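Working notes, beginning with the structure itself.
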Amino acid sequence: MKKMESFLDLKSYSESHFDRLFHLSEDLRKSPHEPFQRGERLALLFFEPSTRTRMSFESAAWRFGLAPLVFDGGPHTSLEKGETVEDSILNVAAMQPKALVIRCGEAIPLRAISEKLSIPVINAGWGVQGHPTQALLDAVTMRRHFGSLQGKKVLILGDVTHSRVAASHLELLPKLGVQVAIAGPDEFLVSRPGVEVFKSLKAGLEWADVAMALRVQFERHTGSEKCPSTEEYRRLYGLNKESLQVFSSRGIIMHPGPINHGIEMETEVLSDPRAKILEQVTSGVYVREALLREILKGDN
Ligand code: CP
């Protein structure tokens, strides 16, 4: 990983960078490492809702010895008085934390803002542009199950068009030697070189080692999409005991969360021994701590 640079996407990183990060993440899981200099802070600015990402970055910060300063962009912030997102970011940066972890909408020029700052910015979910730390924690979860990811087959299922998680996986997984396919309603799919498209859930599940269901991102739909009804979606693409009968007994089922129960996934899937959904969340703490350590090393 490059030092002291912002981490906004996965484009400029190679397999060897990711390998280093994954090994550090596993080391940190086994035993805590030395903390950062005392009294330093990590600012978390969340302008969109979050449970997993925000709390796992907070956990990672504490483990690293950085005190988290949390800006939850809801009520009781100066956004209510008309302050802009950019001004909020610049003002928190002026408090001189060691880095900023930011979740924000598509319209925020995060790259341009990061270029004005002397501290690194970490993308914690930026519109539909990407959610790179989610992709990293998913890769860690897969590696823990399969060992090498070379040649493994990952089916990304559902609302790919509106998913920042899918956007980051389409950057990351091919670099790790993974074969990627997508399945879902035509309106939710994208066309990418090397990415196979399955017309039916059954065909995709028969092919895959990993079934990664995405949340249907209702809040990002404009209303002009020709989406199936939720009932139709559930019938054609929902993961449940019956649809998963054709899926490999050695495969794993993933979901970045939060889950729309009864739409992309039935609750019964959570107790399927192949489901790794809570393990993904656990991996998030260690991979985010590893990322903070890599970005801030040399500054300690
Ligand atoms: N996966 C994910 O980003 O979850 P949160 O929105 O709860 O952070």
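The values are calculated or read from the model by the stated rules, or taken from the named source; none is laboratory data. Everything numeric here is computed off the predicted structure, so don't read it as measured data. Here the Cβ positions follow ideal geometry from the backbone for every residue, glycine too, while neighbour counts run over all protein chains shown. To get the accessible areas, we keep the full protein, side chains included, count just its heavy atoms, and leave off ligands, DNA and RNA. Shrake-Rupley method; radii C 1.70, N 1.55, O 1.52, S 1.80 Å.
Odds and ends about this structure:
- Just one of the numbered conditions (1) crowded, with 17+ Cβ neighbours inside 10 Å; (2) closer than 19 Å to ASN260 by Cα; (3) over 18 Å from the mean Cα position of the chain (by Cα) is not true of HIS221: (1).
- Cβ-Cβ under 6 Å pairs, at least 6 apart or on other chains, segment 279-290 side within 16 Å of ALA99 (Cβ to Cβ) and in contact (Cβ under 8 Å) with a residue 60 or more places away in the chain, far side assigned to a helix (DSSP H, G or I) and basic (Lys, Arg): GLU289/ARG63
- All told, ARG63 falls short of being assigned to a helix (DSSP H, G or I), within 16 Å of the ligand (Cβ to nearest atom) and either closer than 20 Å to ARG220 by Cα or modelled with pLDDT of 95 or more (or both).
- Output for segment 111-125, where each listed residue is within 16 Å of the ligand (Cβ to nearest atom) and surrounded by fewer than 24 Cβ atoms within 10 Å (Cβ to Cβ): ILE122
- For segment 7-28, a residue qualifies if it is open to solvent by less than 60 Å² (accessible area, probe 1.4 Å) and not in a loop (DSSP other than H, G, I, E, B), and the qualifying residues are PHE7, HIS17, PHE18, ASP19, LEU21, PHE22, LEU24, SER25, GLU26, LEU28.
- Answer from PRO49, PRO97 - the residue that is in a loop (DSSP other than H, G, I, E, B) and open to solvent by less than 10 Å² (accessible area, probe 1.4 Å): PRO97
- Selection count where residues are over 25 Å from GLU106 (Cβ atoms) and either under 14 Å from the mean Cα position of the chain (by Cα) or within 13 Å of the ligand (Cβ to nearest atom) (or both), scope segment 38-59: 1
- Counting the residues of segment 1-59 that are among the hydroxyl-bearing types (Ser, Thr, Tyr) and over 25 Å from LEU90 (Cα atoms) gives 6.
- Single residue of segment 224-258 satisfying the filter (surrounded by fewer than 18 Cβ atoms within 10 Å (Cβ to Cβ) and within 16 Å of the ligand (Cβ to nearest atom)) that is farthest from the chain's Cα centre (by Cα): PRO258
Residues are listed down the side, and each one gets a yes or a no for (1) part of a loop (DSSP other than H, G, I, E, B); (2) modelled with pLDDT of 95 or more:
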| position | (1), (2) |
| --- | --- |
| GLY204 | no, yes |
| GLU225 | yes, no |
| GLN245 | no, yes |
| GLY257 | yes, yes |
| GLU268 | no, yes |
| VAL285 | no, yes |
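- Residue within segment 179-190 that is open to solvent by 40 Å² or more (accessible area, probe 1.4 Å), of a type in the set (S, T, N, Q) and not in a loop (DSSP other than H, G, I, E, B) present: yes
- Enumeration of residues in segment 272-289 that are open to solvent by 20 Å² or more (accessible area, probe 1.4 Å) and more than 18 Å from PRO258 (Cβ to Cβ): ASP272, PRO273, ARG274, TYR286
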